[in-house]
Ligand code: FO1
C-alpha cells in the first residue's frame, strides 16, 4: 500500500501521474481538510474535491480547481441578494466561486453529513461516483480549521484559510498559522501509515497543506517511525512555488523558501527528498540536513513527466531500506 499525504493542486497532479506508475488500487490519498469551509450552509472540502476531480480527469485544467465545462448561473444570481444583505451578514458570499456542476458535490456532502455520515464515508461515496481508481481519505472526520494571522492596512487579524487564500488572493503578509481544533481531532489514517510500503509527501505547501496533517495527534511520531519509507517531493523549485503562496509564506514565517529549507522542515519525518533538476547544485546542502536527495524533473507539465516523477519517487521508496 502507498499512502500519499496531499494538499490541493500539486498533490492532485502528482496523483494523476502516480496512478500511471503503480496499481491505483494500492494508493490512498490522505487529504488536508484544514481548508474546509462552510458557505451558504454547504460543507466545502476544496482539497478533497481537487484530488477527486483531478484523478477523475474532470478538473478545470487552467484553474486547477473546480470542474471543467462549468457554468456559473447560481453565482451570478447571488448578486441580487448581495444588494439587500444587511450589514454584518455573511449571507451570499460572492467572493468564493462555486460552479453549478460543482454545487452538486457540496449539496451531496452536506446532506450526507447532516444524516450523520462521517466525512470519510461521504468522501468514499463521492470517489465512487466519479469512478476513482484510488482511495481518498480526509485526514480527519473532526473539524479542523486552518486560521491565518495576517497584516492588513497595518492591523493584525486572524482569518480562515479561504478568507486569506481566495478573498484576499493570498496577497497580504502572514504572521502566523494555527489549526483550530487540531488537539482533539483524531487522524483517520494511523493504521495506513503503519501498513504502508511507502509514504509520499506530495508537492504541497509544507505549512498549510502538509502542516495540518502532521499536526494531528500521533501523526508526526508515526512518520518519524516510518521515516525510512517516507519520500517527499519539494514544492519549492529554484526558490519559488509553481502555484500559490508557499514560497512567500515560508519566508514570512521564518523558514528558508528553498529546497534546503524544505529539507530542514521535513528531515525529522522523511528519509528522502526529491528536488527539481534546477536545484541539482544544492544536493549536498540538502543532504547535509540529514536526508537523501534525489534529483528529477518535478515540473508536472505532461502525464509522461508526472509518471516519470512518480516512478522516481517509487524507486526512492524501495531504495530507502
Ligand atoms: N480558489 C480561488 O482562487 N478562487 C475561488 O473562487 C475558488 C473556489 C473554489 C471552489 C471549490 C473548490 O473546491 C476550490 C475552490 N478554490 C478557489 C480553490 C481553493 O481555494 C484552493 O485550491 C485550496 O483551498 C488551496 O489548496
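Read the figures in this text as sums done on the coordinates, not as results from a lab. Note that the coordinates shown come from a computational prediction; the quantities given were computed from them, not determined experimentally. FYI the Cβ positions are ideal-geometry reconstructions off the backbone, even for glycines, and counts take in every protein chain you see.
A few comments on the model shown:
- Any chance residue 98 is touching a helix residue (DSSP H, G or I) at 6+ places or on another chain (Cβ under 8 Å) and within 14 Å of the ligand (Cβ to nearest atom): yes
- Pairs, first over 15 Å from residue 248 (Cα atoms) in the range 200-212, second in a helix (DSSP H, G or I) and more than 11 Å from the ligand (Cβ to nearest atom), C-beta under 7 Å, six or more apart: 200/313; 201/210; 201/266; 202/14; 203/14; 212/182
- Condition check for residue 200: away from the ligand (no atom under 16 Å from the Cβ) and over 20 Å from the mean Cα position of the chain (by Cα): no
- Helices (runs of 4 or more DSSP H) completely within the range 213-321 that count 3 or more residues being touching a residue at least 60 places away in the same chain (Cβ under 8 Å) and touching a helix residue (DSSP H, G or I) at 6+ places or on another chain (Cβ under 7 Å): 303-318
- Residue in the range 150-165 that is more than 16 Å from the ligand (Cβ to nearest atom), within 30 Å of residue 21 (Cβ to Cβ), touching a strand residue (DSSP E or B) at 6+ places or on another chain (Cβ under 8 Å) and not in a loop (DSSP other than H, G, I, E, B) present: no
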